[in-house]
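Participant: Okay, here's the structure, questions in a sec.
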Amino acid sequence: MGSSTSSARGVEVRRRLLAAAAELIPQLGWRGVSTRVVARRAGVAPGLVHYHFGSVPSLLRQTVVQVMGDVLAAVPPMLSEAESGDEALGRLLASFDDFDGTDPTSLLFVEAYLAATRDPQLRVELSRMLDEVRAAVAAWLDTRGTPAPAATAAVLVATLDGVMLHRALQPTMTPEEVAPVLRRLLGDPPSGTLGKGGEG
C-alpha cells in the first residue's frame with residue numbers, strides 16, 4: 001500500500017512539474033525557468049525537480065517534447081479522416097484558430113526551436129517528431145498521387161509551422177489567405193474559401 005501511494009505521489013509531482021514548466025517557458029523564456037521558480041509554480045520542494053528529472057534542462061526538454069508531441073500527433077488523424085485533399089487542408093488550417101502566434105503553445109514552440117540550436121539532445125528529439133509527422137503527411141500525399149511526396153511533405157509541414165509562428169507578427173496571415181497558396185503547392189485546383197472541415 002505504501003509503495004503504491006508513494007508511486008502515485010511521484011507521478012503527481014512529475015505531472016505538476018511538467019505542467020508548471022509548460023506554463024513558465026512561454027512566460028519567462030527557456031533560460032528564465034530555474035529550479036526554484038518551477039518548483040514554486042508546481043507547489044513542490046526544489047529538490048524534487050532534480051530527483052524526478054535530474055536537471056532543469058531535462059525537465060524543459062521533456063516538457064516541450066510532450067506539448068509539441070500532442071500538437072503534432074493531431075495531424076495524421078486530420079489527414080486520414082478527411083474524404084478529400086481539400087477537406088484535409090481545411091482541417092489543418094482550421095486548427096490554426098488555436099494558435100495566433102502569441103498564445104502559450106506558439107511561444108513554447110518558438111522557445112523550443114531556439115533552445116534546440118544550443119541543445120543537441122533536444123534537437124534530436126524535435127527532429128524525430130518532425131520526421132514522424134512528415135512521414136505521415138508524405139504517405140497521405142502519396143495516396144493522392146502528389147509528385148515527390150516526401151519533399152512536398154517537408155515543405156508543407158515547414159510552411160504550416162512557419163505560418164503559425166509568423167502570425168504573431170502578421171495577424172492578417174489567416175487560413176483564408178494561406179489556403180490558395182497551399183492548394184497550388186499541393187497541385188489542387190482553386191476552390192472556394194475554406195471554412196472549418198474544408199467546407200466553404
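The values are calculated or read from the model by the stated rules, or taken from the named source; none is laboratory data. Quick caveat: nothing in here was measured; it's all calculated off a predicted structure. Cβ placement follows ideal geometry from the backbone for every residue including glycine, while neighbour counts extend to all protein chains displayed. Just the protein is used for accessible areas: all its heavy atoms, side chains included, with ligands, DNA and RNA removed. Shrake-Rupley method; radii C 1.70, N 1.55, O 1.52, S 1.80 Å.
Participant: Going by accessible area, probe 1.4 Å, with all protein chains left in place, what is the ranking of 173, 164, largest first?
Facilitator: Putting 173, 164 in descending order of accessible area: 173, 164.
Participant: Something else about it: Alpha carbon centre of segment 106-168 versus segment 12-88: separation in Å?
Facilitator: Measuring centre to centre over Cα atoms gives 18 Å.
Participant: 7 Å from Cα along Cα→Cβ at both residue 158 and residue 65: what's the point-to-point distance in nm?
Facilitator: About 2.5 nm, to one decimal.
Participant: Which FRET efficiency value, to the nearest 0.05, is calculated for residue 165 and residue 6 with the Förster distance at 41 angstrom and r the Cβ-Cβ distance?
Facilitator: Using R0 = 41 Å, I get an efficiency of 0.50.
Participant: Sticking with this structure for a sec: So, with +1 on the Cβ of K and R and -1 on the Cβ of D and E, and no other charges, what is the size of the charge dipole of segment 1-85 about its Cα centre, to the nearest 20 debye?
Facilitator: The calculation lands at about 640 debye.
Participant: What does the extension gain come out to for residue 128 and residue 113, with contour length at 0.36 nm per residue minus their alpha carbon separation?
Facilitator: Once the chain is fully extended between residue 128 and residue 113, it gains 4.1 nm.
Participant: Share of the chain's accessible area from carbon and sulfur, percent, 1.4 Å?
Facilitator: Within the chain, the accessible surface is 57 percent carbon and sulfur.
Participant: Give, as a single signed number, the net charge of other residues whose beta carbon lies under 9 Å from the beta carbon of residue 20, with Lys and Arg counted +1 and Asp and Glu -1. Could the numbers behind the result be given before it?
Facilitator: Values: positive: 16, 40, 41; negative: 23.
So the surrounding residues net to +2.
Participant: What is the gain in length, in nm to one decimal, between residue 15 and residue 143 on full extension, counting 0.36 nm per residue of separation less the C-alpha to C-alpha distance?
Facilitator: Residue separation times 0.36 nm, minus the Cα-Cα distance, leaves 42.2 nm.
Participant: Compute the projected area of the convex hull of the Cα atoms of segment 18-102, averaged over all viewing directions, and report it in nm² to one decimal place.
Facilitator: On the way: hull surface 26.0 nm².
Averaging across all directions leaves 6.5 nm² for the Cα convex hull.
Participant: So, one more: Which log10 I(q)/I(0) values does the chain give at q = 0.08, 0.11, 0.15, 0.18 Å⁻¹ under the Debye formula, counting every alpha carbon as one identical point scatterer?
Facilitator: Scattering profile of the chain, log10 relative to I(0): -0.34, -0.59, -0.94, -1.17.
Participant: Within the chain, which complete DSSP H helices have Cα atoms spanning at least 15 Å along the helix axis and a mean Kyte-Doolittle hydropathy of 1.0 or higher?
Facilitator: Span-like helices here: 104-116, 149-166.
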